[in-house]
């Protein structure tokens with residue numbers, strides 16, 4: 001066609017020119033058409049693509065407001081709503097040498113330069129170590145936690161290999177406080193040790209993790225208890241200490257401390273060693289603190305009807321080749337209040353002998369001493385509980401707290417039963433709404449409980465518990481200093497010093513138990529190892545700190561009525 | 001096709017075009033509002049996180065152990081003693097001493113008889129906790145409490161504090 005047009009153009013001058021013009025116009029139009037068609041095709045393709053994306057592609061992940069605000073793990077609070085454990089998104093610093101993905105060096109700048117920039121943001125890091133780390137080309141964490149502004153500054157360095165992945169941080173604002181109650185969250189995202197483990201399902205369930213889980217713990221009480229226990233432990237060089245504050249009417253644990261503690265924010269080897277819970281997991285022979293329980297059992301059974309009746313106490317009790325003796329001579333004879341005030345093994349053993357092993361065993365079983373303590377925590381120790389029928393000697397030793405080993409929590413629960421009118425209730429770490437306390441079971445008669453309240457108060461007023469007598473708080477309680485069993489018998493210089501108490505005795509509301517593991521005689525304890533000198537003063541300092549917080553105001557004008565038992569005691573009669 | 005029919009079809013086409021234009025405009029409008037909402041939500045989330053972060057930092061810095069350490073080093077506060085509490089008016093009165101011989105006459109204080117129900121006419125002290133008038137709150141509590149229940153001393157003292165005493169009268 002082109003050759004034809006050329007030939008005609010040559011043959012006829014003017015006509016050919018018109019033809020040429022028309023043809024070039026046609027060509028131009030045709031080309032415009034092609035361009036338009038190209039654009040239309042592109043536009044159509046784009047439309048098809050948009051339609052395809054809109055119809056078949058997944059929508060970009062958008063979370064609703066409530067989802068975005070839902071914490072990655074539920075919060076744990078104390079009974080007043082103070083957060084004890086919370087989770088929030090945090091940033092980590094991860095080194096990814098393959099981020100550039102071009103086969104060359106992992107960093108744009110030299111490792112030394114990047115290291116210097118990083119140290120400018122994190123002054124605690126070492127340039128030398130960091131340079132080697134970056135040069136080595138190994139992927140891994142450079143730092144586990146970054147603050148948001150630090151993350152921004154790391155971003156500003158402009159190295160793609162420095163990644164800032166978002167992670168979930170479980171944080172405990174109170175540090176090591178109540179660590180044994182709370183536990184921690186392991187690397188797998190599941191709770192360990194304490195309530196984190198118990199509530200793991202609830203805390204990670206999207207339906208429930210929005211609202212915080214309230215514990216029975218009162219943070220202020222816990223703080224005061226730990227503070228005083230720590231001081232007492234350091235002052236007496238003890239290897240450990242344990243303490244509980246228990247609501248006697250509901251069984252709620254207001255504070256539970258096992259020292260030395262660990263920091264759930266930083267789990268390391270030293271911390272892992274202290275994860276053992278002395279309050280709920282370790283069983284101890286708690287010694288003389290059992291005497292009020294035995295006397296109460298005897299009173300309940302009608303064996304002790306006359307508090308003025310005197311029992312011989314001047315010579316060790318020999319039974320089956322075993323001698324039960326007192327720490328020092330307490331006089332020729334003692335009545336029941338004097339027995340408790342001076343903590344006589346000989347007289348308690350005689351009363352228990354009259355009561356009989358069967359009745360004592362039943363009372364102890366009713367107090368829950370034959371099973372693991374009732375608490376939600378996973379670590380619960382099984383008591384050393386003599387099985388079968390208790391022979392005479394066993395009955396006698398159990399009456400003053402030997403030959404039976406329980407946790408301090410067992411003891412606190414038993415004391416709550418003793419003072420609250422005789423009702424045993426399971427202890428709990430969950431907050432109990434008013435009026436929803438469990439019914440419990442009756443162990444002692446109300447009259448026995450009332451009498452024991454008087455006797456416990458007398459021990460603190462006139463007896464071994466005098467150092468626990470916080471002014472105006474009407475504290476009552478019993479000391480217990482038991483030798484720890486070792487190879488070949490009891491070790492005379494390793495004691496477990498316990499003070500189990502309740503306050504205010506005119507209407508008992510809280511039980512406080514303080515225990516020291518192997519306290520030493522130091523200047524602070526007047527070179528004594530027994531509970532009267534180390535555990536009792538701790539209670540004497542804890543009670544004034546927690547009393548007003550718990551609604552018990554100190555009052556010098558009130559006390560439990562001791563007028564009918566006071567004359568039975570030497571010190572009491574003279575006052 | 002007649003001209004009127006032609007006009008009608010052009011009219012329909014125009015209406016359709018306008019409708020489509022409006023629909024597209026509306027869609028854009030809706031989408032822009034949606035993205036604004038999403039932006040606001042992201043802002044809310046960021047602020048909530050920042051709030052929680054700051055709150056947690058505050059809790060950490062004011063943790064029980066930290067406060068206890070400060071107290072031992074700086075303040076030395078101790079638990080309140082029994083004589084720092086007053087149980088009732090009798091104890092309060094017990095703090096007073098009898099007038100000594102030759103002591104000046106007691107100071108006259110102003111007092112006004114205020115009817116029980118006209119407490120509203122005075123400017124109400126607003127409780128910072130509930131935002132309600134303080135006097136109203138106290139009176140409410142008094143109304144709901146059973147008549148025989150024992151009111152605490154602090155309650156009784158603050159109840160009186162909401163009223164202003166105007167008329168002068170001799171105490172003796």
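We did not get these values from a lab; they are worked out from the coordinates using the rules stated. What you see is a predicted model, and the numbers here were worked out from it, not measured in a lab. Neighbour counts are summed over all protein chains in view; Cβ atoms, including those assigned to glycine, are modelled from backbone coordinates with ideal geometry.
Rounded to the nearest 10 degrees, the inclination of helix A:219-235 to the longest alpha-carbon principal axis of chain A is 60 degrees.
For residue A:310 and residue A:14 in one chain, what is 0.36 nm times their gap in residues minus the Cα-Cα distance, to one decimal in nm? Contour length minus the Cα-Cα distance gives 91.2 nm.
Here the alpha carbons of segment A:229-330 define both size measures, Rg and Dmax, at 20.1, 59 Å. Separation of segment A:167-206 and segment A:91-107, taken as the distance between their Cα centroids, equals 33 angstrom. The label-point distance for residue A:67 and residue A:35, in a model that sets each label 7 Å from Cα toward Cβ, rounds to 4.8 nm. This ranking places B:48, A:483, A:149 by how few other beta-carbon atoms lie within 10 Å of each, fewest first, which gives A:149, B:48, A:483.
The value for segment A:336-430 of Rg(Cα) / (2.2 N^0.38 Å) is 1.13.
Per-residue ellipticity at 222 nm computed for the protein assembly as shown from its helices equals -13000 deg cm²/dmol, with DSSP H segments shorter than 4 residues left out and the rest contributing -39,500 (n - 2.57).
Can you sort A:234, A:367 so the residue with the fewest Cβ neighbours within 10 Å comes first?
Values: A:234 13, A:367 24.
Going from sparsest to densest Cβ surroundings: A:234, A:367.
Over the Cα atoms of chain A, the radius of gyration divided by the Kirkwood radius equals 1.35; this is the Rg/Rh ratio. Projecting label points 7 angstrom from Cα along Cα→Cβ for residue A:156 and residue A:303 puts them 7.9 nm apart. Exposure proxy shown here: for A:566, A:291, A:358, the number of other Cβ atoms within 10 Å sets the order, fewest to most, as A:358, A:566, A:291.
In this calculation the C-beta distance from residue A:490 to residue A:276 is compared with R0 = 30 Å, giving a FRET efficiency of 0.85.
Under the 0.36 nm per residue contour assumption, what length would be gained going from the current alpha-carbon distance of residue A:382 and residue A:27 to full extension? Write out the running numbers ahead of the final one.
Details: separation 355, 0.36 × 355 = 127.80 nm, distance 10.08 nm.
The span from residue A:382 to residue A:27 would gain 117.7 nm if fully extended.
Using 0.36 nm per residue and subtracting the Cα-Cα separation, the extra length available between residue A:163 and residue A:319 on full extension is 48.6 nm.
What FRET efficiency comes out for residue B:100 versus residue A:559 if R0 is 41 angstrom and r is the Cβ-Cβ distance? Round to the nearest 0.05. Don't jump to the answer; show the numbers that get you there.
Working: r = 34 Å, r/R0 = 0.83.
Once the sixth-power term is evaluated, E becomes 0.75.
Multiplying each eigenvalue of the alpha-carbon gyration tensor of segment A:434-569 by 5 and taking the square root yields semi-axes of 28, 18, 16 Å, largest first, rounded to whole angstroms.
Axis of helix A:13-56 versus longest Cα principal axis of chain A: the two differ by about 10°, to the nearest ten degrees.
Does segment A:172-281 classify as rounded, prolate or oblate by the C-alpha gyration tensor (a ≥ b ≥ c root eigenvalues; a/c under 1.5 gives rounded; else a/b over b/c gives prolate, otherwise oblate)? The shape class here is oblate. Between the Cα long axis of helix A:446-462 and the first principal axis of chain A there is an angle of about 80°, rounded to the nearest 10. Look at the stretch A:219-231: the mean tally of other chain Cβ atoms within 10 Å of its residues' Cβ atoms is 2.
I need the calculated FRET efficiency for the pair residue A:188 and residue A:147, taking r as the beta carbon distance and R₀ as 35 Å, to the nearest 0.05. So, using R0 = 35 Å, E works out to roughly 0.85. The overall shape of segment A:294-364, judged from the alpha-carbon gyration tensor, is oblate: a/c is not under 1.5, and a/b is no greater than b/c.
The distance separating the Cα centre of segment A:393-447 from that of segment A:282-348 comes to 20 Å.
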